[in-house]
Amino acid sequence: MAGTSSGGGGPQNKNIGAHILIVEARFYEGIADDMVAGAVAVLEAHGCTYERVAVPGALEIPQVLTAALQLGRFEAEDESATPFDGVVAIGCVVRGETYHFEIVCDNANHWLMEVASLEGVPVGNAILTVDTIQQAEERAKGGAAGKGGDAARACLRLIEIRQAFETAGS
């Protein structure tokens, strides 16, 4: 089934306790709601806290990550806010009759991964790129087993890997 996952490759530890930024594109609200529910279920199951930021569409997701980085939200220096340990990106782009689909998909995913890679931010990417709304619904549903849950598991596993590198380097 397209909407479920075995969860392989997810976090190794039950209680990670990370603080996660969920950036959700609200263009397809029902799809976003389903994926956020799956991501939140996984995060809460691993003892994580989170903050949600809603944006209009997928192209805005990388801009939120960049703003959070520029404003120091991934650093422990600001005592007024808990620093983020990673990001779960949630969105949906459905193919239409124009080239706009390719522009949105390519740029949203490219810039999200570019910023994440250059800045070393663990990102779980659940920006769906589908041909039909039915395909999106299949992938979004399933709670923790859907694509939102997959993205949260990926983010948490990347956090664990980063922590292991930090521990080995100290």
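Please go through region 79-109 and give me each residue that is in contact (Cβ under 8 Å) with a residue 60 or more places away in the chain and among the basic types (Lys, Arg), ordered by number.
none
Can you tell me which residues in region 114-124 are outside any strand (DSSP E or B) and either among the small types (Gly, Ala, Ser) or surrounded by 18 or more Cβ atoms within 10 Å (Cβ to Cβ) (or both)?
Those that are outside any strand (DSSP E or B) and either among the small types (Gly, Ala, Ser) or surrounded by 18 or more Cβ atoms within 10 Å (Cβ to Cβ) (or both): 115, 116, 117, 120, 121, 122.
Criterion first (at pLDDT 95 or above, open to solvent by less than 20 Å² (accessible area, probe 1.4 Å) and either closer than 21 Å to residue 119 by Cβ or assigned to a loop (DSSP other than H, G, I, E, B) (or both)) does residue 90 satisfy it?
yes
So, in region 48-78, how many residues would count as being assigned to a loop (DSSP other than H, G, I, E, B), open to solvent by less than 40 Å² (accessible area, probe 1.4 Å) and free of Cβ contacts under 8 Å to residues at least 40 places away in the same chain?
Matching residues across region 48-78 total 1.
Can you tell me which residue within region 94-113, out of those that are surrounded by fewer than 13 Cβ atoms within 10 Å (Cβ to Cβ) and assigned to a helix (DSSP H, G or I), is nearest to the chain's Cα centre (by Cα)? Before you say what the answer is, go through the steps one by one.
Our first condition is that a residue be surrounded by fewer than 13 Cβ atoms within 10 Å (Cβ to Cβ); within region 94-113, this holds for 96-100, 102-103, 106, 110.
Checking which are assigned to a helix (DSSP H, G or I) leaves us with 100, 102-103, 106, 110.
Numbers: 100: 22, 102: 20, 103: 20, 106: 17, 110: 14 Å.
Among those residues, the one meeting the criterion is 110.
Would it be correct to say that residue 16 is closer than 19 Å to residue 162 by Cα and open to solvent by 10 Å² or more (accessible area, probe 1.4 Å)?
Against the criterion (closer than 19 Å to residue 162 by Cα and open to solvent by 10 Å² or more (accessible area, probe 1.4 Å)), residue 16 qualifies.
If I go through region 125-161 residue by residue, how many of them are hydrophobic (A, V, I, L, M, F, W, C) and outside any helix (DSSP H, G or I)?
Applying the first criterion (hydrophobic (A, V, I, L, M, F, W, C)) to region 125-161 yields 126-128, 130, 133, 136, 140, 144-145, 151-152, 154-156, 158-159, 161.
Checking the rest, the ones that are also outside any helix (DSSP H, G or I) come to 126-128, 130.
Qualifying residue count for the region: 4.
Working only within region 136-163, note down all residues that are of a type outside the set (D, E, K, R) and either under 14 Å from residue 18 (Cβ atoms) or in contact with a strand residue (DSSP E or B) (Cβ under 8 Å, 6 or more places away or on another chain) (or both).
Across region 136-163, the qualifying residues are 136, 140, 148, 151, 152, 154, 155, 156, 158, 159, 161, 163.
The values are calculated or read from the model by the stated rules, or taken from the named source; none is laboratory data. Here the structure is a predicted model, which means the values were calculated and not measured. Ideal geometry is used to build each Cβ from the backbone, glycine not excepted, and the neighbour counts take in all protein chains shown. SASA here: full protein model, heavy atoms, side chains in, ligands and nucleic acids out. Shrake-Rupley method; radii C 1.70, N 1.55, O 1.52, S 1.80 Å.
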